[in-house]
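Take a look at the structure below.
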Amino acid sequence: ALALGVSFLKCLLIPAYYSTDFEVHRNWLAITHNLPLSQWYYEATSEWTLDYPPFFAWFEYVLSHIAKYFDPQMLVVENLNYASRATIFFQRLSVIFTDTLFIYAVHECCRCINGKRSAKDILEKPTFILAVLLLWNFGLLIVDHIHFQYNGFLFGLMLLSVARLCQKRYLEGALLFAVLLHFKHIFVYVAPAYGIYLLRSYCFTANNADGSLKWRSFSFLHVTLLGLIVCLVSALSLGPFLVLGQLPQVISRLFPFKRGLCHAYWAPNFWALYNAMDKALTILGLKCNFLDGTKIPKASMTGGLVQEFQHAVLPSVTPLATLICTFIAILPSVFCLWFKPQGPRGFLQCLVLCALSSFMFGWHVHEKAILLAILPLSLLSIQRAKDAGIYLILATTGHFSLFPLLFTAPELPIKILLMLLFTVYSFSSLKSLFRRERPLLNWLETIYLIQLVPLEIFCEIIFPLTPWKRHFPFVPLLLTSVYCALGITYAWLKLYVSVLTERIPVRQKAE
């Protein structure tokens, strides 16, 4: 019923606004349908060149052979920004249809939930709450079915791989994740969690009584099987391009470091705070005559353009610097997964921390990448009150940070209504689930989240009526990004403190 209900809602959103990502995927349909494999990663008629891994390109190729029955004109490479009714209907419908994999993955994740918190009313059962938090996730709804992308089936692959690992079907989980990496390479951020967990739980088959690793239990066969899976999937995906001598070209498309530190607007992470501090120091320096205005770069990262940018006061950030910061941020969670094993729960904690750490410090991070942390954290939120509180902060702040993606007037009531419905349900259901425990949020966290309401009122209603809109059009994006960055940073730190300070019973370690 939940799946049918959300599918019906997705159908109602078919006529809604769509972003440039709609044209991106139409162009990829045309490229893969008309051109030989050797030209897929060289074609540049449109500015929206193919920059996803080969499995996704083959996915577009399959879709294109269905698309020709709806409107063949959408498959013409030169038909830039082509959007007939049939094209819109087909592309929207393809997202809805491929979401069936996500629905199945949610079902499998719900099967992995233990029944310690049983309830007579089905609406209060942890499995039902989890199903709603995943199937009706606000961020996934607006990003895929209004803004337009294919995240649903990709997150379906991720959740299904998580479910298989929880069910101790390690090879299936490894295969699914390997395939996922060759559909969308952003999931490489959580690869350390998969790698360490599989090594700790599958390649080493036993622990000592105190929970420490029994080194003699190492299985060379298990390592070989995992290696074969990775090699075979990689060969199937990248092998044709290796034979054609085009692997460097494919890699350059997948990792375009020239795009700049931040995406179209600042994703709410550490670099948003860093950039805001640089701008604040620049303004202060100019007013106090500490800086020469003629030597300050004119380019601005708040103009909505994807470009390289030199900071005026603080040191400029390079791709290598972000890689080092991300590695350092991920390291403690990986150590915890190895030295403080907690089974599937520890794996999920590490996965979320890897996702959040890469979101906080990664290069050219998209604001939509916050879903990579919110969705798996949903599985933890129904197990412990502490994790439920962190989830409410991260989900509310992360989802609010997606509001600027839908900037057209007709979508304003839609995004506010969907956000309110999801947020109210999240708070009420988790509060009911943990009603016998302490409050999920303290007073300071509650005040922070409530302040999102006046922030939205200012950005959507008050600011457009002021003369500032003409001279400083970037202010709403700046305020949203920086304010949400504070909440996401806090949630990241709180989860890290929880994981690092958590004590694990010896019996649980041994298990």
Item to check | Rg and Dmax [Cα atoms of the range 11-137; Å; Rg one decimal, Dmax integer] | outcome: 19.1, 59
Checklist entry - Looking at the P(r) of the range 320-454, how many percent of alpha-carbon pairs lie beyond 22 Å? => result 47 percent
Item to check | Packing rank of 378-390, 233-245, where each peptide gets the mean count of other beta carbons within 10 Å, highest leading | outcome: 378-390, 233-245
Checklist entry - Using the Kirkwood radius built from alpha carbon pairs, what does the Stokes-Einstein equation give as D for the range 382-451 at 4 °C and 1.567 mPa s, in µm² per second? => result 99 µm²/s
Checklist entry - Taking amide hydrogens as modeled 1.01 Å from N in the peptide plane, which residues meet the under 5 Å criterion relative to GLN342, leaving out close sequence neighbours? => result PHE347
Next on the checklist: As a test of reading the structure, rank THR423, THR318 by solvent-accessible area (1.4 Å probe, protein chains only), most first.
Outcome noted: THR318, THR423
Item to check | Exposure of HIS33 as accessible area (Å², to 10), given a probe of 1.4 Å and all protein chains | outcome: 50 Å²
Next on the checklist: At 1.4 Å probe size, put THR98, THR32 in order of accessible surface, largest to smallest.
Outcome noted: THR98, THR32
Item to check | 19 Å Cα-Cα reach of LYS431 towards aspartates and glutamates, excluding residues that sit fewer than 8 places from it in its own chain | outcome: ASP121, GLU124, ASP387, GLU445
Next on the checklist: Leaving out ligands and nucleic acids, and using a 1.4 Å probe, what accessible area per residue does the chain come to in Å²?
Outcome noted: 46 Å²
Checklist outcome for this item: Across all Cα atoms of the range 448-489, Rg and the largest Cα-Cα distance (Dmax), in Å, are 10.9, 32
Next on the checklist: From the convex hull of the Cα coordinates of the range 391-504, what is the mean projected area in square nanometres?
Outcome noted: 8.5 nm²
Item to check | Extension gain (nm, one decimal) between LEU228 and LEU417, 0.36 nm per residue minus Cα-Cα | outcome: 63.2 nm
Item to check | Set of aspartates and glutamates with alpha-carbon distance to LYS10 below 18 Å, sequence-local pairs under 8 removed | outcome: ASP21, ASP99, ASP144, GLU411
Checklist entry - What area, in nm² and to one decimal, does the C-alpha convex hull of the chain cast on average over all directions? => result 26.1 nm²
Item to check | For VAL365, distant residues with modelled amide H under 5 Å away | outcome: HIS263
Item to check | Shape box of the range 144-190 [Cα atoms, principal axes, largest first, Å] | outcome: 36, 17, 14
Checklist entry - Which ³J(HN,Hα) values, rounded to whole Hz and listed in residue order, are derived for the range 98-111 from phi using the Karplus coefficients 6.51, -1.76 and 1.60 in 6.51 cos²θ - 1.76 cosθ + 1.60 with θ = phi - 60°, glycine and proline given as x? => result 5, 5, 4, 5, 5, 4, 5, 5, 4, 4, 5, 5, 5, 5
Item to check | Note, ³J(HN,Hα) from phi for the range 347-353, Karplus 6.51, -1.76, 1.60, rounded to Hz, x at Gly and Pro | outcome: 4, 5, 4, 5, 4, 5, 5
Checklist entry - With all protein chains present, how much of the accessible area of the chain (probe radius 1.4 Å) comes from carbon and sulfur, to the nearest whole percent? => result 69 percent
Item to check | From phi via Karplus (6.51, -1.76, 1.60), per-residue ³J(HN,Hα) for the range 377-393 in Hz, x at Gly/Pro | outcome: 5, 4, 5, 7, 5, 8, 9, 9, 4, 4, 5, 5, x, 5, 4, 4, 5
Checklist entry - Can you give the Kirkwood hydrodynamic radius of the range 333-389 from its Cα pairs, in Å with one decimal? => result 11.9 Å
Checklist outcome for this item: Amide H contacts under 5 Å for ALA16, restricted to residues at least 5 apart in sequence or on another chain and with H modeled in the peptide plane, are none
Item to check | Formal net charge of residues neighbouring LYS10 (Cβ-Cβ distance under 14 Å; K, R +1; D, E -1) | outcome: -1
Checklist outcome for this item: With the range 170-229 reduced to its Cα atoms and the Debye formula applied, log10 I(q)/I(0) at q = 0.18, 0.20, 0.26, 0.28 1/Å amounts to -0.66, -0.77, -1.06, -1.15
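The values are calculated or read from the model by the stated rules, or taken from the named source; none is laboratory data. Treat the numbers as computed from the prediction; the structure is a model and nothing was measured. So basically every Cβ, Gly included, is an ideal-geometry build from the backbone, and we count neighbours across all protein chains shown. Quick note on the areas: whole protein, heavy atoms, side chains included, nothing else; ligands and nucleic acids left out. Shrake-Rupley method; radii C 1.70, N 1.55, O 1.52, S 1.80 Å.
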